[in-house]
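Structure record follows, encoded as structure tokens.
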Amino acid sequence: MSRIVRGGAFAVLSAATIVALAACGSDGEPTTASRDSSSSSTEGSSAEGADDAACEQKPRTGSVALPTADADLDAGSAAFRVTLDDGTAKCVSVVGAPDDDAGEWDKEADKIEFEFRAGDSSAGLVVTLTDRASGASDDLPTTVPGPYSDGFIGLQVDGGYFPDGWHDKCELTVTALSADLVSGEFTCANIDAMDGGPFTDDDDSTSGAPSNAKKLVSADGWFVASRN
């Protein structure tokens, strides 16, 4: 569960940044309301400027059944439309690597935490949900779809990382929350870029010059993590 600790560290480092994503499709895979096209991303990597069909997919809806112990979700995908202040505007699609869990539940005595992370330095997404026993302000939804106001979201675009460090730049709706499936959808706006980030070690995947964007203007999308 070391990945969850790492994601939290990046949330603390960011002072005025935010980004969010969330939600998926149907039985095990995201679905679209209008067509069956898939995104142009390949397994274990991410694709920038992907087919808009990936961003048109709707979130998958499941149930609420929180795990009673740590749990790993090995499959994951996400997509989001994003606009940056350097003029970039596109659909970004992310698929989890086959040898790395896209989602992790961490169950402790005083809290339960879920983290989604997939992508690389070219394009990626982090979503963290934390419910601490000591307070009610961060309670996870008891029904889905349901809003979650204290989620952390970090977006990676063109080598730049845009995290919602104060958890106030994104709106997140959870559509499934269990040991076998976690999914949701999000919107974000006005998030500052941050130096470094959780995908900076994956520099072999960045294509072209890194982004010069200083701010994420807007983003909306979905994510899903599931057990195969």
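What the table below lists for this structure:
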| read-out | value |
| --- | --- |
| Tally, over segment 119-158, of residues that are farther than 18 Å from CYS188 by Cα, part of a loop (DSSP other than H, G, I, E, B) and under 16 Å from the mean Cα position of the chain (by Cα) | 3 |
| Long-range neighbours under 6 Å by Cβ, at least six apart or interchain, first residue without any contact (Cβ under 8 Å) to a residue 12 or more places away in the chain within segment 126-141, second buried (at least 16 other Cβ atoms within 10 Å of the Cβ) | ASP139/ASP131 |
| Hey, GLY160 in contact (Cβ under 8 Å) with a residue 12 or more places away in the chain, over 23 Å from ASP99 (Cα atoms), in contact with a Leu (Cβ under 7 Å, 6 or more places away or on another chain) and surrounded by 19 or more Cβ atoms within 10 Å (Cβ to Cβ) or not | no |
| Residue match in segment 188-209 (condition: among the β-branched types (Val, Ile, Thr), at pLDDT 95 or above and surrounded by 15 or more Cβ atoms within 10 Å (Cβ to Cβ)) | yes |
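The rows are residues; the columns are (1) buried (at least 18 other Cβ atoms within 10 Å of the Cβ); (2) at pLDDT 95 or above; (3) touching a strand residue (DSSP E or B) at 6+ places or on another chain (Cβ under 9 Å).
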position: SER46; (1), (2), (3): yes, no, yes
position: ASP51; (1), (2), (3): no, no, yes
position: ARG60; (1), (2), (3): yes, no, yes
position: GLY87; (1), (2), (3): no, yes, no
position: ASP99; (1), (2), (3): no, no, no
position: GLU104; (1), (2), (3): yes, yes, yes
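The values are calculated or read from the model by the stated rules, or taken from the named source; none is laboratory data. Not measured: the values here are computed from a predicted model. Positions of Cβ are generated from backbone atoms using ideal geometry, with glycine treated the same way; all protein chains shown enter the neighbour counts.
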